[in-house]
Amino acid sequence: MKFLLEGEAILKSVRRHWFFVAGQLIFFLFLTVAPFVIFPIFFVISRSAGLSFISSVDIGPLMLFAYGIWFLIVWMMAFTAWTNYYLDVWYITNMRVIDINQSALFNRAVSSIRLDMIQDASIMTRGFIQVFLGVADVRIETAGESGTFIIKDAVGAEDLKQFISQESRKAFEKYHTSNIRVESSGPVKITPDSSPE
């Protein structure tokens, strides 16, 4: 993947629980079927009200055309919802946590935080649906300008939190102790310019 650094490998990928996109897709399915209920009711009411234009003209082709337009609009909204769900992903690599936020079809934001900069990972549960589904938000706080990352509606949030904390500790130890060697006089930092004695 083009956003990975040299030597970086993906350890875990996380997406929101499928229930949240399924609810949107069911709503769009309802919108697709709704005209089949609304048009006949409208036709019956217009005939009983004596609207001569509606009752004397065959409006079948017009209704079919209107439904075609409606179906295309609903399908595009459903496709956008699915795309946003599928392309919204968080990657935990051996170096960073990467947040890819797809906000529209052609709008994507990619941000990341180094694992060794993570100060705390916590879990937040919001509402009945998250409790019922066993999902939660994982909140990652950093020591820097990056601020806070929130992995929304993650399945197995407790395991994910533990995994991020464990990888963060490994990265911290690797990054902050790899340039230090111990001598009899104590730790000495080796810089790229210096050579061992």
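The values are calculated or read from the model by the stated rules, or taken from the named source; none is laboratory data. Please read these numbers as outputs of a predicted model, since none were measured by experiment. Positions of Cβ are generated from backbone atoms using ideal geometry, with glycine treated the same way; all protein chains shown enter the neighbour counts. Surface accessibility is based on the protein's heavy atoms, side chains included, excluding ligands, DNA and RNA. Shrake-Rupley method; radii C 1.70, N 1.55, O 1.52, S 1.80 Å.
Things worth noting here:
- Pairs are defined by a Cβ separation below 6 Å, a sequence spacing of at least 6 or placement on different chains, a first member in the stretch 32-56 that is under 26 Å from Phe71 (Cβ atoms) and assigned to a helix (DSSP H, G or I), and a second member that is at pLDDT below 70 and open to solvent by less than 70 Å² (accessible area, probe 1.4 Å); the pairs so defined are Ser46/Ile54; Arg47/Ser55.
- Output for the stretch 86-131, where each listed residue is among the basic types (Lys, Arg) and open to solvent by 50 Å² or more (accessible area, probe 1.4 Å): Arg108, Arg114, Arg126
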